[in-house]
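Peer 1: This structure is in structure tokens; I'll ask about it shortly.
None of the figures in this text is laboratory data; all of them are computed from the coordinates on show. Everything quoted here is computed from the prediction, not taken from an experiment. Every residue, glycine among them, receives a Cβ derived from its backbone with ideal geometry; neighbour counts consider all protein chains shown.
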Amino acid sequence: MAAEQQNEMKIPQMEENKENSIDGSLGLEILQIIKDSQQQHGLRHGDYQRYRGYCSRRLRRLRKTLGFKMGNRHKFTGKKVTVELLSDNRHLLLVLMEAERAWSYAMQLKQEANTEPRKRFHLLARLRKAAKHGEQLEKLCESHRVDAKTKLEAQAYTAYLNGMVQFELQEWKSAMEAFNKCKTIYEKLASAFTEEQAVLYHQRVEEISPNIRYCAYNIGDQNAINDLMQMRLSAGGGGGMMAEKLEALITQTRAKQAAVMSEVEWRGRTVPVKIDKARIFLLGLADNEAAIIQWVTCRHFLEALIAWRTEEVKRADSGKVSNLQYLHSYLTYIKLWTVVRRNESMAHALQAKLKEPQTDENKRGPRPQDLIRLYDIILQSLAELSSLQGLEEDHTFQKEVALKTLVYKAYRCFYIAQSYVLVKKWSEALVLYERVLKYTREVQSKAKSFNNSLKDLPDVQELIAEVSAEKYSLQAAHSVILKSIPLSDRLDNFRLDPTLLSKQPNLVQFPPDFQPIPCKPLFFDLALNHVAFPPLDDKVEQKGKGGITGYFRGFFGFGS
């Protein structure tokens, strides 16, 4: 808590003590100030209550510093910043913080309104209050004491707050006009500064764009739904509550489109689509690849397959695969081919990292074994593709899958060879490189009639060039190693070595390496256990008899 208060003190002092511009006019970096404050005080984690508390504390400090008190503890006296009082840029900052405090309170109430709908009335009141403070800031900036940049930023900020009010009131036309005004001003500001300074304005434009397209859709622009889908999938395409609105809108739109969708065509056969979840999924295929991956990995795709399994699947009397089975094969094909594309993308990223020099020795980098695992998954998916029901007699499809299998086998074999190179198994690596070239020659010979099938596959020509380079480097490394081996250790390998005719030929290793030899044997005297030693009783001293009589006999010489 103490660290947070120290951070709060640093930012106001740094921003509030900014000098005026060179020509003596007042200036305020409105967008920069609110973005820094929001990121450092709660909005990075969506904590609007914390940001609201920060705005209140900052307002108290500003009023105390400027001597702009609203009465005393016994009586409240309302005061407003007027053009006549405008002598410091902190007066503008005071009004800006009042607008931010009201806006953050409105956003906090918007989060709570999901479970307590009546808080929406309080939310609208606080948004109107924020817009009112924004208009006051804009009027103050109309003074000749304020520079042109601050005037434009104040107009854009006020337009943004007014657009938020109209957006919540569902006044789509008014909201779109306000957001467009805000967007236009920020785009002009971005074009007037350097690229580093314009980044913040471009980010603001990206945040506003989903709101504009959402308003356009509600006004009646049906083409806006495609832009909203792209915005949802992009990195900056709206976040938080706007993202929830976009998700709900896209789901609702697809549900309406699914109601009129009745059939789908794949590989020359048209099948009816009667399952609603399958229709919604198939409509999503019109999106880009990121959308397809997102749909395949989410629960909607699984629900579509489960819904298919619950239906009764039967073959017709003619032995032809039923429409329901063929539809299931189509959905499974989309899933498996998406898995192939996703793993291929991951493999491509790992290949790029594998070629980069390793800077941190303690950090584990990518290895060829990681790529082998990815290509194993790809080959497994292709094997499942070749066994789909209804496609057994489709020879063109089977040949395409076989061709793709050869391509990924070549890449898998290449990285197995790379892993052998790391452990210095030269012979195994060279054999695998030859097998890679064998696979690539087969691909080139069969690809003449399937040019369209290779457009989504990695280029085997690049692989051939890489294999050739690896073979040459491997042979060069092997010859260097052979040069360091003396002639006595490589008598089985013929190689022309001019150094053998020189004055210092490498014939034998001198001094030779130490070699292990058997240890000196230990002898155990087993015969000692069977030897009878002569008696030694006459050599052993006899002990005298005990008692007082024996003592005196020994003393006087008796019994000796």
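Peer 1: For Trp266, enumerate residues with amide H under 5 Å from its amide H, sequence gap 5+ or separate chain, H modeled in the peptide plane.
Peer 2: Val271
Peer 1: Sorted by packing (mean other beta-carbon atoms within 10 Å per residue), highest first, where do 90-103, 108-121, 516-529 land?
Peer 2: 90-103, 108-121, 516-529
Peer 1: To continue, here is another question. Distance check, please: which entries in Lys119/Lys181; Lys355/Lys471; Lys409/Lys471 exceed 21 angstrom between their Cα atoms?
Peer 2: Correct reply: Lys119/Lys181.
Peer 1: Quickly work out the Trp266-to-Tyr472 label distance, labels modelled 7 Å from Cα along the C-beta direction, and quote it in nm with one decimal.
Peer 2: About 4.6 nm, to one decimal.
Peer 1: Let me spell out the model: positive unit charges on the Cβ of Lys and Arg, negative unit charges on the Cβ of Asp and Glu, origin at the Cα centre of region 53-161. What dipole size does that give, in debye rounded to 20?
Peer 2: Using Cβ point charges on Lys, Arg, Asp and Glu, region 53-161 gives about 640 debye.
Peer 1: Extending each Cα 7 Å along its Cβ direction at Lys35 and Phe76, get the distance between those two points in nm, one decimal.
Peer 2: Here the answer is 3.5 nm between the modelled labels.
Peer 1: I want to check the label-to-label distance for Glu393 and Glu428. Put each point 7 Å from Cα in the C-beta direction and report it in nm to one decimal.
Peer 2: About 4.7 nm separates the two model spin labels.
Peer 1: Suppose the chain between Arg441 and Ala148 were pulled fully straight at 0.36 nm per residue; how much longer would it get relative to their current alpha carbon spacing?
Peer 2: The span from Arg441 to Ala148 would gain 98.7 nm if fully extended.
Peer 1: Give, in nm to one decimal, the length gained when the segment between Glu384 and Asp88 is fully stretched (0.36 nm per residue of separation minus the Cα-Cα distance).
Peer 2: Additional length available on full extension: 99.3 nm.
Peer 1: Tell me the net charge near Cys413. Cut-off is 11 Å between Cβ atoms, Cys413 excluded, with +1 for each Lys or Arg and -1 for each Asp or Glu.
Peer 2: +3
Peer 1: Related question: Averaged over all directions, how much area does the convex hull of the C-alpha atoms of region 91-197 cover when projected, in nm²?
Peer 2: So the mean shadow area of the Cα hull is 7.5 nm².
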